[in-house]
1. Note down the nm distance, to one decimal, between modelled labels 7 Å out along Cα→Cβ at Ala348 and at Lys232.
2. With charges only on Cβ, +1 for K and R and -1 for D and E, what is the dipole size of the chain about its Cα centre, in debye, rounded to 20?
3. For the pair Ala110 and Asp339, how long in nm is the line joining their label points, each one 7 Å along Cα→Cβ?
4. Most exposed first by the Cβ proxy, i.e. fewest other Cβ within 10 Å, how do Trp165, Trp90, Trp60, Trp69 rank?
5. Nearest 5 is fine: what % of DSSP beta bridges in the chain come out antiparallel, could you say?
6. Longer than 21 Å from Cα to Cα, which of Lys203/Lys291; Lys147/Lys291; Lys291/Lys352; Lys232/Lys253; Lys137/Lys193 are they? Say none if no pair is.
7. Calculate, in nm to one decimal, what Thr430 and Lys137 gain on full extension: separation in residues at 0.36 nm each, minus their alpha carbon distance.
8. Based on Cβ point charges of +1 for Lys and Arg and -1 for Asp and Glu, what charge dipole magnitude is obtained for the stretch 133-290 about its Cα centre, in debye rounded to the nearest 20?
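All of the numbers you see were taken from the coordinates with simple rules; none came from a lab. Values in this document were obtained by computation on a predicted structure and should not be read as measured data. Neighbour counts are summed over all protein chains in view; Cβ atoms, including those assigned to glycine, are modelled from backbone coordinates with ideal geometry.
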Amino acid sequence: MQYDTDVIIIGGGFAGITAARELTQRGARATILEARNRLGGRTWTRETSLGRELDMGGTWVHWIQPHVWAEITRYGLDLIASPELDTGYWRVGDDVRTGTADAMLDLLDASMTEVLADARRVLPQPYDYFPLSEEIKALDQVSVAEKIAALDLDPQQRALLDGMWALNFSGDPTRSGYTQALRWCALSGGDWKLMFEACATYKFARGTRSLLDAIAADASGADVRLDTTVTKIDETVDGVTVTCGDGTQLRGKRVVVTVPLNILNSIDVTPGLGHGVSAVAAEGQASSGVKVWVRVKGEVGRFAAFADSDAVLNFVQYEYPLDGDSLIVAFGPRSGLIDLNDPRAVEAELRKWRPDLEVVAVDAHDWTADPLSGETWPMLAPHQLDAVSHAARDTTRRVRLAGSDYACGWAGFIDGAIESALQTARQLITELESEN
C-alpha cells in the first residue's frame, strides 16, 4: 500500500494537536483533518459581543491536573484566578435563600462528603482501575441521582447537592454515572472542595487559546487541513484509508480518532470499533447542557448562585468587571430549553435569583446542538465505563481513540485530552519505529 502519511488524526482539538506534536517531533508524518474552520475543538477563545475576548468552551485548569500543568510549565503560560466570591444565592423550590458564598458551600459539605466517601478506597490509584473490579462494575450501574436519593437530606441539602452534580456533569443527574464522580474525587485526593476548585477557579490569563497556539506551534510539521469532514474509515491489515466528505481519500499507517463520543458514530468505521463503544456512542454520554456569558448592567457584586437540575440555568458565577458593568457565566443542564442569544430570556432566568439584574448582552455557543460536538465536556452515564475503557485501551487496531472522552484520568478536562494524546502518540511512535 502507498501511504500519503504515517498517521491521520481526525479532529484538531487538544488531543489532536498534542498527538501531532508528539508524532512529528519524533519524525513521523502526521495529517490533521479538522471539520471546523479552526483548531481547538470544544475549546474556543474568541472575541464576543460583550466587549472582550472570552472562552466559549474550555476554561479552567489546575496544578492537580498533571498533564496540562506540565504544558503550562513548558510554555511559561500565566494563569489568573476567578474572583473570590462574597455572596451566595440558592433556590429551594421557589424560595431564594442567601448568605455568604462560603456558607453556601458549607451547606454542601456534609452531603458531598457522604456521596464521595468511598472515592479513594474504590480508586486508590485513579489512573489504574482497568480491568474494572467487580465493585467498580457494580457502582457503574448507579446514577448520581440514585446515590443522592439514598441519602437522608433536608430539601435545602437535596436541592444544592442535585444542583452541584447537574453543574459538574453539565447534564441530568439521572443520567450521570456515579463512577465518573468517584473518579474526579479520587483524582483530587478525596477532597471534594479541591475537586470543585479544579473545576472553576484557575484559567489562562490570555485565554485557553494561548496553550493551544503554543502546542500548535510545536506541531508545525503536521499537515493541517481545516474544513475537512471525515465520513468513513476503512482498516485493512496493510493500512487505513480515510474518506472525506468531498470524496477525497487519504491513506495512512494509523488513524487516531479524537472526535467526541456523542458523534463517534458519524464516521463509518470498517471493521467496527468493537467493545460496545458504538452502542455507548448511540446512547450518548451524560453531558447535554449549556454555557452562556452574560454582561450585566452595573457592578453587581461577586456572587455565585445554585438551583437544582430542574432549572433552565442552575449555576451562575461572577467572573470579570468591565467598564462599569459585570461579566458573569451561567450554566444549565439541558440544551434546547432557552435561546442562549436572547438577552431577555437569559435575564428572566437570572432574575429567579436576583430580580435586580439587568442583562445588557449575551454570547454563547451551544456545544450540545453543534453537530461537530454533540456534547459539552464529556461525562459518562451509568453502564458506560467498561466499554469506553476497553475501546480506549485497544492497541491491537490501526484505528485508535484519543481525547478527553477516552482519558484514564481527568476525563472531561483539557488535561484528559492531553493525557490520552500523549499515551496514544507514544504507542504509535513505538509501533512505527519498529516497522521501519
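1. 4.7
2. Numbers: 41 positive and 63 negative charges, 163 e Å.
Approximately 780 debye in magnitude.
3. About 4.5 nm separates the two model spin labels.
4. On the way: Trp165 27, Trp90 23, Trp60 20, Trp69 16.
Fewest-to-most Cβ neighbours within 10 Å comes out as Trp69, Trp60, Trp90, Trp165.
5. Values: 47 of 69 bridges.
If we restrict to bridges inside the chain, about 70 percent are antiparallel.
6. On the way: Lys203/Lys291 16 Å; Lys147/Lys291 26 Å; Lys291/Lys352 17 Å; Lys232/Lys253 16 Å; Lys137/Lys193 26 Å.
Violating the 21 Å limit, Cα to Cα: Lys147/Lys291; Lys137/Lys193.
7. On the way: separation 293, 0.36 × 293 = 105.48 nm, distance 3.21 nm.
This chain segment gains 102.3 nm when fully extended.
8. Numbers: 14 positive and 20 negative charges, 77 e Å.
About 380 debye.
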